[in-house]
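The values are calculated or read from the model by the stated rules, or taken from the named source; none is laboratory data. What you see is a predicted model, and the numbers here were worked out from it, not measured in a lab. Reconstructed Cβ throughout: ideal geometry from the backbone, glycine too, with neighbour counts over all protein chains shown.
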């Protein structure tokens, strides 16, 4: 299986003024493309696992041949994380969660405001580069986690429901070193309809 860069479901300038067009273009065509390229290069060395799904590779990362395990972890994780990230943002977005995912958030965190505060604090507190995630565990419970670098929640047998990229390449052109400002702006582009649809698909697949 040769991986390809997925197309964005919106134009590069669609998330302005919160995320600028130039950052989106570089993030997508340079950073994400590099993860795709490097993942393909690694898998060429082991055709016996090249047809495994990316989810299987990441869930079973300890079974990936040692000579490409780090590359699959970093570039496979980067590919999976970004492919998901693009889908949970959109136009005319922001506000509070809606649908069944909103019900689950209230059940797990008390209310949306408390969830948003906890998620924001976790994101602001990530050391260096990484991600903050709202995930679904094997018992259909929501769990808030952070991961370093491009590690995927799939490596912990968790499935992503919502996630924010905290690498500086996601925000440095507009926000420079102001991560809190980027996080605050990012909430305005979270597409809760898409998040809810993804959540419901995960629940249905159980």
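Key figures
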| read-out | value |
| --- | --- |
| Answer from 48, 4, 16, 60 - the residue that is free of Cβ contacts under 8 Å to residues at least 12 places away in the same chain and either in contact with a strand residue (DSSP E or B) (Cβ under 6 Å, 6 or more places away or on another chain) or not assigned by TED's automatic domain parsing to the domain that holds residue 83 (or both) | 16 |
| From the options 141, 206, residue that is exposed (fewer than 15 other Cβ atoms within 10 Å of the Cβ) and either in the same structural domain as residue 31 (by TED's automatic domain parsing) or modelled with pLDDT under 95 (or both) | 206 |
| Single match in 20, 103 (criterion: out of contact with any helix residue (DSSP H, G or I) (no Cβ under 9 Å at 6 or more places or on another chain) and within 24 Å of residue 119 (Cβ to Cβ)) | 103 |
| Qualifying residue in the stretch 88-101 (condition: in a helix (DSSP H, G or I), closer than 21 Å to residue 143 by Cβ and at pLDDT 95 or above) | yes |
| Only one of 54, 39, 5 that is buried (at least 16 other Cβ atoms within 10 Å of the Cβ), closer than 26 Å to residue 144 by Cβ, modelled with pLDDT of 95 or more and under 20 Å from the mean Cα position of the chain (by Cα) | 54 |
| Tally of residues being farther than 24 Å from residue 35 by Cβ, without any contact (Cβ under 8 Å) to a residue 24 or more places away in the chain and in a helix (DSSP H, G or I) across the stretch 116-171 | 2 |
| Matching option when the condition is surrounded by 13 or more Cβ atoms within 10 Å (Cβ to Cβ), without any contact (Cβ under 8 Å) to a residue 12 or more places away in the chain and in a helix (DSSP H, G or I), among 73, 69 | 69 |
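Condition check ((1) more than 21 Å from residue 154 (Cα to Cα); (2) touching a helix residue (DSSP H, G or I) at 6+ places or on another chain (Cβ under 7 Å); (3) at pLDDT below 95; (4) surrounded by fewer than 14 Cβ atoms within 10 Å (Cβ to Cβ)) across all residues:
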{"position": "24", "(1), (2), (3), (4)": "yes, no, no, no"}
{"position": "44", "(1), (2), (3), (4)": "yes, no, no, yes"}
{"position": "62", "(1), (2), (3), (4)": "no, no, no, yes"}
{"position": "65", "(1), (2), (3), (4)": "no, no, no, yes"}
